[in-house]
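I have placed the structure first, in the form of structure tokens, so that the comments after it can refer back to it.
The values are calculated or read from the model by the stated rules, or taken from the named source; none is laboratory data. In this text, all values refer to a predicted model and were calculated from it rather than measured experimentally. For neighbour counting, all protein chains shown are included, and Cβ atoms are generated from backbone atoms with ideal geometry for every residue, glycine included. Quick note on the areas: whole protein, heavy atoms, side chains included, nothing else; ligands and nucleic acids left out. Shrake-Rupley method; radii C 1.70, N 1.55, O 1.52, S 1.80 Å.
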Amino acid sequence: MEISVIIPVYNKEQYIKQCLENALSQDFKDYEVITVDDGSTDDSGRICDEMANSDSRLRVIHTENGGVTAARRRGVEEAKGRFVMFCDSDDRLLPHALRNSYEAMIANDADEVIAPYQNQRGILFDAQRRGLIKPSEVIKDYLAQHNNYPPIWAILLRRDMILDGCLDIPRYFFIGEDILFHIRYLTKVKSVFCIGQNNYIYSEGITSYPPMNLQYERKYDELLKAALQPVWQEMESFFRLRQIKTYEKFIDLKQFWVYDEYYYQLEGKLDKHIPLADRLVYSLHPRLAYYLIHCYKWWLRKKRIML
């Protein structure tokens with residue numbers, strides 16, 4: 001078998017049927033769909049079972065609740081395909097997603113294929129990269145928080161590379177765990193191919209997240225730094241850039257105290273790889289920096305609405 005589509009499911013009864021209908025309507029023949037019901041307490045599991053009874057390409061695995069990373073890992077362990085594509089249970093794969101990605105993967109002997117995606121309002125997210133690129137370029141964009149790449153879903157990946165420690169992420173990490181997984185994967189592979197065809201519809205804003213938490217960010221930084229060790233010499237400045245971007249988010253929330261608690265350590269470590277605007281903001285007192293950050297983010301939100 002060539003491709004396994006893996007869909008972790010937790011309490012998404014309102015969305016899972018449409019998600020599975022789209023996944024099972026691909027214009028590609030040699031694939032399976034695996035749903036991992038992560039201890040749902042609604043009718044999600046039942047809906048998956050009913051649909052599996054009428055389509056042999058769909059397999060359902062029921063587990064105790066262990067979090068999304070554990071569900072993805074179980075799906076990869078059970079998968080039969082050479083390649084894997086993840087899909088979230090409230091999103092949709094477009095009909096050509098598997099074919100487009102598979103053809104690019106085979107033709108270019110790539111280790112993964114990335115495509116643009118759109119949200120449910122039709123806004124397109126496109127990293128504007130095409131063809132073969134180095135995995136390090138994707139890592140740099142993630143660390144700079146250029147968020148026009150999908151974090152994990154709708155990317156075609158090699159199953160054997162995923163099993164090499166990419167999904168060993170503690171359950172505590174439930175925000176950004178997908179990007180952390182992807183960065184681990186990218187440090188192990190040699191080539192990425194970017195296509196221009198949109199493959200995926202992301203349901204933006206459906207999942208709610210708790211407020212930013214400094215303890216969480218510190219632990220996340222530790223895990224991210226460990227993941228980057230194979231390429232640390234090249235990525236250290238970009239890791240610092242991600243810290244600055246996170247710091248700016250805290251300041252936009254008027255959590256000025258985070259500078260003294262954690263981000264003071266960046267003093268003297270910001271080199272030319274850090275954009276001048278970010279270095280300027282960091283050099284200001286947090287209460288002054290707030291006005292620049294808040295105005296800039298307001299402008300970005302307004303620009304996006306106008307699009």
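If you check Ile133, Ile106, Ile123, Ile152, which single one turns out to be under 25 Å from Glu77 (Cα atoms) and more than 17 Å from the chain's Cα centre (by Cα)? Before you say what the answer is, go through the steps one by one.
Values: Ile133 fails: under 25 Å from Glu77 (Cα atoms); Ile123 fails: under 25 Å from Glu77 (Cα atoms); Ile152 fails: more than 17 Å from the chain's Cα centre (by Cα).
Going through Ile133, Ile106, Ile123, Ile152 in turn, just one is under 25 Å from Glu77 (Cα atoms) and more than 17 Å from the chain's Cα centre (by Cα): Ile106.
Looking at Ile47 and the list (1) in contact with a helix residue (DSSP H, G or I) (Cβ under 8 Å, 6 or more places away or on another chain); (2) closer than 14 Å to Cys87 by Cα; (3) assigned to a helix (DSSP H, G or I), which single condition is not satisfied?
Only one criterion is unmet by Ile47, namely (2).
Which pairs turn up if I take residues in the range 150-167 that are over 26 Å from Gly196 (Cβ atoms) and look for partners that are among the small types (Gly, Ala, Ser) and open to solvent by 10 Å² or more (accessible area, probe 1.4 Å) with beta carbon separation below 8 Å, at least 6 apart in sequence or on another chain?
If the second residue must be among the small types (Gly, Ala, Ser) and open to solvent by 10 Å² or more (accessible area, probe 1.4 Å), no pairs are left.
Where the second residue is at pLDDT 95 or above and of a type in the set (Asp, Glu) and the first is open to solvent by less than 20 Å² (accessible area, probe 1.4 Å) and lies in the range 244-260, which pairs have Cβ atoms under 6 Å and are six or more apart or on separate chains?
Correct list of pairs: Thr246/Glu217.
Just for the range 81-103: of the residues that are in contact with a Phe, Trp or Tyr (Cβ under 9 Å, 6 or more places away or on another chain) and in a strand (DSSP E or B), which one is most open to solvent (accessible area, probe 1.4 Å)?
The qualifying residue most open to solvent (accessible area, probe 1.4 Å) is Arg92.
Kindly indicate whether any position in the range 63-78 is farther than 21 Å from Ser203 by Cβ, open to solvent by less than 20 Å² (accessible area, probe 1.4 Å), in a helix (DSSP H, G or I) and touching a residue at least 60 places away in the same chain (Cβ under 8 Å).
The answer is yes; a qualifying residue exists.
Return the residues of the range 16-41 that are assigned to a loop (DSSP other than H, G, I, E, B) and surrounded by 14 or more Cβ atoms within 10 Å (Cβ to Cβ); say none if nothing qualifies.
Start the filter on the range 16-41 by keeping residues that are assigned to a loop (DSSP other than H, G, I, E, B), which leaves 24-30, 39-41.
Passing the criteria: Leu24, Gln26, Phe28, Gly39, Ser40.
For residues in the range 109-124 being open to solvent by 20 Å² or more (accessible area, probe 1.4 Å) and touching a residue at least 60 places away in the same chain (Cβ under 8 Å), which is farthest from Ser203 (Cα to Cα)?
So the first thing to find is which residues in the range 109-124 are open to solvent by 20 Å² or more (accessible area, probe 1.4 Å), and the list is 109, 111, 118, 120-124.
Filter once more, keeping what is touching a residue at least 60 places away in the same chain (Cβ under 8 Å): 109, 111, 118, 120-121, 123-124.
Values: Asp109: 31, Asp111: 27, Gln118: 9, Gln120: 5, Arg121: 9, Ile123: 11, Leu124: 12 Å.
Selected residue: Asp109.
For residues that are modelled with pLDDT of 90 or more and over 27 Å from the mean Cα position of the chain (by Cα), tally how many sit in the range 260-275.
Adding up the residues that qualify gives 6.
Checking Asp141 against (1) farther than 29 Å from Arg74 by Cβ; (2) in a strand (DSSP E or B), which test does it fail?
The number of the failed condition is (2).
Say we look at the range 144-180 and pick out the residues that are over 16 Å from Arg242 (Cβ atoms) and not in a loop (DSSP other than H, G, I, E, B); which of these is most open to solvent (accessible area, probe 1.4 Å)?
Restricting to residues being over 16 Å from Arg242 (Cβ atoms) and not in a loop (DSSP other than H, G, I, E, B), the top hit is Asp160.
What single numbered condition from (1) outside any loop (DSSP other than H, G, I, E, B); (2) touching a residue at least 24 places away in the same chain (Cβ under 8 Å); (3) more than 21 Å from Tyr149 (Cβ to Cβ) fails to hold for Ile106?
(2)
Need the failing condition index for Asp91 against (1) modelled with pLDDT of 95 or more; (2) more than 17 Å from Val5 (Cβ to Cβ); (3) of a type outside the set (Phe, Trp, Tyr); (4) in contact with a helix residue (DSSP H, G or I) (Cβ under 9 Å, 6 or more places away or on another chain), just the number.
(2)
Residues Leu214, Leu186, Leu241: which one is open to solvent by less than 60 Å² (accessible area, probe 1.4 Å) and under 17 Å from the mean Cα position of the chain (by Cα)?
Numbers: Leu214 fails: under 17 Å from the mean Cα position of the chain (by Cα); Leu241 fails: under 17 Å from the mean Cα position of the chain (by Cα).
Among Leu214, Leu186, Leu241, only Leu186 is open to solvent by less than 60 Å² (accessible area, probe 1.4 Å) and under 17 Å from the mean Cα position of the chain (by Cα).
Kindly indicate whether any position in the range 236-248 is modelled with pLDDT under 90 and closer than 16 Å to Gln145 by Cα.
Taking the range 236-248 and keeping what is modelled with pLDDT under 90, we get none.
No, every residue in the range 236-248 fails to be modelled with pLDDT under 90 and closer than 16 Å to Gln145 by Cα.
Does any residue of the range 286-298 turn out to be at negative phi, open to solvent by 90 Å² or more (accessible area, probe 1.4 Å), at pLDDT below 95 and β-branched (Val, Ile, Thr)?
No.
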